1. In straight Cα distance, which lysines are under 24 Å from K255, not counting same-chain residues fewer than 8 positions off?
2. Set the Förster distance to 56 Å, then compute FRET efficiency between I443 and R325 from the Cβ-Cβ distance, nearest 0.05.
3. Using only the alpha-carbon atoms of the range 182-438 as identical scatterers, what base-10 log of I(q)/I(0) does the Debye formula give at q = 0.12 Å⁻¹?
4. Starting from one equal scatterer on each C-alpha and no solvent at all, send me the Debye-based log10 I(q)/I(0) for the range 139-196 at q = 0.26 Å⁻¹, two decimals.
5. Just the number please: accessible area per residue for the range 182-438, 1.4 Å probe, all protein chains included, in Å².
6. Between Q107 and L144, with labels modelled 7 Å along Cα→Cβ, what's the label distance in nm to one decimal, could you check?
7. Be a star and scan the range 324-360 for residues whose amide nitrogen sits under 20 Å from the point 7 Å along the Cα-to-Cβ vector of E287.
8. Give me the compactness ratio for the range 30-180, meaning the Cα radius of gyration over 2.2 N^0.38 Å.
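The values are calculated or read from the model by the stated rules, or taken from the named source; none is laboratory data. The model shown is predicted, which means the values in this text are computed figures rather than measured ones. Neighbour counts run over all protein chains shown; Cβ positions are idealised from the backbone, glycine included. Side chains are part of the model used for accessible areas, which takes the heavy atoms of the whole protein and leaves out ligands, DNA and RNA. Shrake-Rupley method; radii C 1.70, N 1.55, O 1.52, S 1.80 Å.
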Amino acid sequence: VVLRPGSGSRQQDPLGGADGLALASDPGGTLNFLAMVENLQGDSGRGYYLEMLIGTPPQALNILVDTGSSNFAVAGVPDPDVTSYFNTKLSSTYKSQGIDVTVKYSQGSWTGVLGTDVITIPKGIYGSYTINIATILESENFFLPGVKWHGILGLAYDALAKPSSSVETFFDSLVRQAKIPNIFSLQMCGAGLPVSGSGTNGGSLVLGGIEPSLYKGDIWYTPIKEEWYYQVEILKLEVGGQNLQLDCREYNADKAIVDSGTTLLRLPQKVFSVVVQAIARTSLIQEFSSGFWTGSQLACWDKTERPWSLFPKLSIYLRDENSSRSFRISILPQLYIQPILGIGENLQCYRFGISSSTNALVIGATVMEGFYVIFDRAQRRVGFAVSPCAEVDGSPVSEIEGPFTTADVASNCVSSVSFHEPVLWIASYALMSLCGIILLVLIILLLIPPRCPHRYTDNDVVNDESSLVRHRWK
């Protein structure tokens, strides 16, 4: 692995080099980043996937790249919506661990069995590596009609791994076995293209570093607040240059994450409502169907028209590594007013690429298609740089600007109490154990005969206020 000058990166190199350096390829070594350029295919509507060879002899499968989960799983039996699956019986290197695993996503779920096998990535790092792999035996709304992938590559932290964080994740295995830096970067090229098109949009997953040809200008980094999802801190949102004037904690309720496996930009309900009002107010369309904003209706224009000029740009402010500063990433309407299908010869229909969420702000493909995103796990930060492929009709559709002062926002916009799912499970088991001990003690006390009579007084009366009746589990 060698170092070479980057393209003006304003932050320190992931290996600790000087400003303006980025990890580069070594033709004779494990890493060759140029070989990883354009190793993804897909579209923002159905995800971007990487070709992988699994087992001995190798079976080729397309694997969805998902930074919002942590399990590596592939179809293990035939499925009506899957064109290929991993047949463990045909692999001499497959070893079952006999552990059942179930994973639920915001859409869909699957159940399978954990095992291990060797994998190689034709357009990835050189060599074969032994990886934990779940074979999916049953699923619900996970594989969908028209998808061209056969499994999912969870690239988040082991805290989200199922059935427990003791399952080593795919990327942790690569870092350990291939001895690559603990960093990967992702570019998805679908700006202005149909949401569910041919599935041949390009993209790049660079394992182990940063490829300078995949970004323009500076890389801006924001700290990872918690290592489970890639949780970041959002300070404010602007629509058409106008601040929404919300308390910054609203943007982080109850978390803000960067997730390539989510199609849209998802906003907490209150934020979503304010954003829709601001877009409707600043757009050049006076009357607009509410169904368009909720995702139940498409809006159609003549194919000769470019409706993007009718809508404002959207900006998201993220806290810089220097906490007294921030930077903003902006997407133009070409990214969030998304072409989805044509009607006849004259009409092109679009959908709204933003939706509401009950439990998170999710920077999904709608935003990520504008940027080269660096997941620098070694230095616990996420980086954003403008992507050269984020252009429509020759013009950029994304921007990064900064630094800005954070004097107008709170010093911490993220709740100090974060209830991770694994922590909730631990707390639940602890409470159940405590209740069990208390119940056992009560049963023993009831079985022990009284040793001496007791004369009751008015102070001994057990009433509803003093009893445990109102605290019992229901």
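1. Those lysines meeting the cut-off are K104, K162, K225, K236, K270, K313.
2. Between I443 and R325 the formula returns 0.40.
3. -0.73
4. With one equal scatterer per Cα and no solvent, log10 I(q)/I(0) is -1.11.
5. About 40 Å² of surface per residue is accessible.
6. With each label placed 7 Å out from Cα toward Cβ, I get 0.2 nm.
7. Within reach of a label on E287, which here means backbone N under 20 Å from a point 7 Å along Cα→Cβ, the range 324-360 contributes 350.
8. Scaled against compact globular proteins, the figure is 0.96.
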